Structure formats: C-alpha cells, structure tokens
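Chemist: Before we start, here is the structure in question, set down as structure tokens.
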Amino acid sequence: MSDYYQKNFQAYHAKTFAIDPTSFLEPLAARLSPEAFILDAGCASGRDLMWLKQRGFEVIGMERSPGLAQLALENAGCEIIEDDFETYDFSYLEVDAIVLAGALVHIPPDRFAAAFKNITSALTRHGNVLVSLKEGDGIRTDDDGRTFYLWQDAAARKLFGELGFMVRSFSKSVSKTGSGDVWLVYVLQK
C-alpha cells in the first residue's frame with residue numbers, strides 16, 4: 001500500500017492539493033492559541049500545513065513517501081520528517097495539536113490504538129487532535145489498490161475514550177475528491 005504514495009505522489013498531489021481544507025481544519029484552529037505548535041502526521045504534499053502556517057501557527061510535518069515529503073517541503077516551507085508514524089518515536093516532540101487528516105485510514109484496527117498512542121505521545125498535557133476516518137463497515141480496496149479500514153462513529157468514539165481523549169467537535173462530510181466516501185471528522189482533547 002505505501003508503494004501507491006511513493007509511486008503515484010504526483011497524481012495524488014494533483015488530486016488532493018487544491019481541496020480547501022477550511023471546513024475540517026477550522027474547528028481545530030478555533031481551539032488553539034495563536035502561537036500553537038502543530039504536527040501534521042501524514043502531511044502528504046503539505047496542503048494542510050500551508051493552510052495552518054498561513055494562519056500564523058508554527059507547523060512541522062511528517063510523511064513517509066519521499067516524493068510527497070519533498071512536495072510538502074516546497075509547498076509549506078517548514079520542517080518535514082520523512083519517516084513512518086507507526087515506528088517513529090514521537091515522545092521527544094512537544095506539540096499543542098496534531099493533524100491526522102486521513103492519515104490513519106490504512107491502519108488495521110488491531111494496530112490502530114498503538115499507532116494513535118505513539119503519535120499522540122507528542123502532545124502537551126491538554127493537546128488537541130484532529131482525526132478523520134472513512135465511514136463504513138469492514139475493509140474496502142479502491143481502484144488504485146489502496147486498502148481502507150472503515151469506521152462507525154460509535155466505535156471510533158468508544159476507542160478514543162478508551163485512549164483518554166474527549167470528543168470536542170464532530171462533523172460528517174462527503175469527500176471533496178468525488179469518490180462519494182463519507183468522512184468522520186473529530187477534534188479530540190487529551
């Protein structure tokens with residue numbers, strides 16, 4: 001699966017970069033102080049980093065795909081960590097918020113809690129997390145061969161609660177890429 005983003009980073013960038021992220025980033029931004037430091041884990045080509053940076057936040061990105069990481073660096077002009085968020089040690093970072101916009105959709109349920117705990121170890125005491133998941137049941141593989149693990153709202157809320165996070169904002173929206181997918185978007189607080 002990760003090969004898709006490494007081999008098709010230009011096509012993925014072309015398909016997603018022009019999408020306006022205001023509708024899902026604004027609920028997080030509204031909860032943060034103007035000097036907040038934000039990590040975008042799975043930042044792709046830097047669209048959300050750029051949006052946050054333009055609003056005065058300090059940002060850092062992480063991306064596994066070398067091609068997308070390079071585009072993020074060029075687009076957002078900030079530090080980009082090129083690594084895998086399932087194995088990277090986030091505990092040395094100290095951020096006020098984390099953006100996981102579609103970043104965890106390829107993580108199987110049996111690894112989700114561990115990946116989420118690892119990433120959120122970078123949060124300050126009362127930090128916020130934006131996480132978006134695809135709605136549905138089970139697993140779906142798209143025409144590009146990417147496997148998505150689907151979620152129901154009740155199951156996601158239960159897991160977030162078990163991990164020590166409260167839901168502060170929630171919305172549902174249809175994908176802006178035209179796929180028809182429905183996104184569950186949460187702003188969580190530690």
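The values are calculated or read from the model by the stated rules, or taken from the named source; none is laboratory data. Keep in mind that what you see is a predicted model, and the values were worked out from it rather than measured. Glycine also receives a Cβ, built like all others from the backbone with ideal geometry; neighbour counts cover every protein chain displayed.
Chemist: So which strands (runs of 3 or more DSSP E) are wholly in the stretch 134-190 and hold at least 1 residues that are surrounded by 15 or more Cβ atoms within 10 Å (Cβ to Cβ) and among the small types (Gly, Ala, Ser)?
Modeler: 166-174
Chemist: If you check Arg47 against the conditions, is it surrounded by fewer than 18 Cβ atoms within 10 Å (Cβ to Cβ), of a type outside the set (A, V, I, L, M), out of contact with any Leu (no Cβ under 6 Å at 6 or more places or on another chain) and more than 19 Å from Arg125 (Cα to Cα)?
Modeler: So Arg47 fails the test.
Chemist: Provide a single number: the residues in the stretch 60-76 that are touching a Gly at 6+ places or on another chain (Cβ under 9 Å), within 19 Å of Ala97 (Cα to Cα) and of a type outside the set (D, E, K, R).
Modeler: Residues flagged as touching a Gly at 6+ places or on another chain (Cβ under 9 Å), within 19 Å of Ala97 (Cα to Cα) and of a type outside the set (D, E, K, R) within the stretch 60-76 amount to 4.
Chemist: Can you tell me which residue in the stretch 92-132 is farthest from Ile38 (Cα to Cα), limited to those that are hydroxyl-bearing (Ser, Thr, Tyr) and out of contact with any helix residue (DSSP H, G or I) (no Cβ under 6 Å at 6 or more places or on another chain)?
Modeler: So, considering only residues that are hydroxyl-bearing (Ser, Thr, Tyr) and out of contact with any helix residue (DSSP H, G or I) (no Cβ under 6 Å at 6 or more places or on another chain), the one farthest from Ile38 (Cα to Cα) is Ser132.
Chemist: So Ala103 passes all but one of these: (1) under 13 Å from the mean Cα position of the chain (by Cα); (2) at pLDDT 95 or above. Which condition number does it fail?
Modeler: With (1) under 13 Å from the mean Cα position of the chain (by Cα); (2) at pLDDT 95 or above applied to Ala103, the lone miss is (2).
Chemist: If I go through the stretch 51-63 residue by residue, how many of them are surrounded by fewer than 20 Cβ atoms within 10 Å (Cβ to Cβ) and either out of contact with any Leu (no Cβ under 8 Å at 6 or more places or on another chain) or assigned to a helix (DSSP H, G or I) (or both)?
Modeler: The total comes to 5.
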